[in-house]
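Structure, as structure tokens:
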Amino acid sequence: MKMKYTFALPLLMTLSTVISPAAHATGMTPEFSVLLINTDDNGASMNVKNTDDKAALLYTTITDIAGPQNKNTKLIATQPIVRVEAGETQRVRFVLDIQTPFTVEQYKRVSFEGIQQAKPAGAKLITATIRQTIPVIIRPKNVPDYTTPWDKLVWKKTGNTLTVNNPSPYVVRLSQKNLHRSFR
């Protein structure tokens, strides 16, 4: 009987969290799913909305993706921590610091996280922060807009190995797929 209780309690708690109307995801929501920056503009701006019902701190962080081309380009979020009232929108400005000119697009990621206000002492509440992370593509001066950069990929199959090469100056994001043995 005790075994059923220890199993049922976590299951009941999980179901009540999923079914509860207060369990829906809220937080900081960026205006777009990708931040595109042209070096001619020396930066860009994006609106971020606090979709929560309470004020929160908007914490903006930028992550550099590994690669030699990203070392000479810095992206700085001005006012990386700012209070945003419930339902309000905050404009976040991004400034480029280019130490060495580059000829291919750069790829980084930006995260927008809503940090909730402190709960009253003794309150038995569990809170979690929601973070939205989106890609940042920095386009150099002489690279024109191109809406289908994957067309420029070069594919090569050698035996059981498929190799893809990107000779273009454009960022192309791919996801990894594992094929079942019968499809190889």
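Can you tell me which condition Lys156 does not meet? The list is (1) over 30 Å from Asp53 (Cα atoms); (2) out of contact with any Leu (no Cβ under 7 Å at 6 or more places or on another chain); (3) surrounded by 10 or more Cβ atoms within 10 Å (Cβ to Cβ); (4) not aliphatic (A, V, I, L, M), and all the others hold.
Failed condition: (3).
Using beta carbons and a limit of 7 Å, which pairs, at least six apart or on different chains, have the first residue in the range 172-184 and at pLDDT 65 or above and the second one assigned to a loop (DSSP other than H, G, I, E, B) and not β-branched (Val, Ile, Thr)?
Once the first residue is at pLDDT 65 or above and sits in the range 172-184, its partners that are assigned to a loop (DSSP other than H, G, I, E, B) and not β-branched (Val, Ile, Thr) give Val172/Leu153; Val172/Asn166.
Within the range 102-128, can you find the residues that are in contact (Cβ under 8 Å) with a residue 40 or more places away in the chain and not hydrophobic (A, V, I, L, M, F, W, C)?
Thr103, Glu105, Gln106, Tyr107, Lys108, Arg109, Ser111, Glu113, Gly114, Gln116, Gln117
Can you find a residue in the range 76-98 that is crowded, with 17+ Cβ neighbours inside 10 Å, among the charged types (D, E, K, R) and either touching a Cys at 6+ places or on another chain (Cβ under 9 Å) or under 26 Å from Tyr170 (Cβ atoms) (or both)?
no
Can you tell me which residue is farthest from Tyr170 (Cα to Cα) among those in the range 58-70 that are at pLDDT below 95 and not in a helix (DSSP H, G or I)?
Checked the range 58-70; the qualifying residue farthest from Tyr170 (Cα to Cα) is Thr63.
What is the one condition in (1) in contact with a Lys or Arg (Cβ under 7 Å, 6 or more places away or on another chain); (2) assigned to a strand (DSSP E or B); (3) not hydrophobic (A, V, I, L, M, F, W, C) that Gln132 does not satisfy?
The one condition Gln132 does not meet is (1).
Assess whether Ile76 counts as being of a type outside the set (Ser, Thr, Tyr), free of Cβ contacts under 8 Å to residues at least 40 places away in the same chain, touching a strand residue (DSSP E or B) at 6+ places or on another chain (Cβ under 8 Å) and assigned to a strand (DSSP E or B).
yes
Considering each residue of the range 120-163, count those that are in contact with a strand residue (DSSP E or B) (Cβ under 8 Å, 6 or more places away or on another chain), among the charged types (D, E, K, R) and within 30 Å of Gly27 (Cβ to Cβ), and give that number.
Counting residues in the range 120-163 that are in contact with a strand residue (DSSP E or B) (Cβ under 8 Å, 6 or more places away or on another chain), among the charged types (D, E, K, R) and within 30 Å of Gly27 (Cβ to Cβ) gives 2.
Pairs please, first residue from the range 154-170 and touching a residue at least 60 places away in the same chain (Cβ under 8 Å) and more than 26 Å from Ile138 (Cα to Cα), second anywhere and assigned to a loop (DSSP other than H, G, I, E, B) and among the small types (Gly, Ala, Ser), Cβ atoms under 6 Å, 6+ apart in sequence or on different chains.
Listed pairs, sorted by first residue: none to list.
The values are calculated or read from the model by the stated rules, or taken from the named source; none is laboratory data. Model, not experiment: these values are computed from the prediction. Cβ sites come from the backbone with ideal geometry, for glycine too, and all protein chains shown count toward neighbours.
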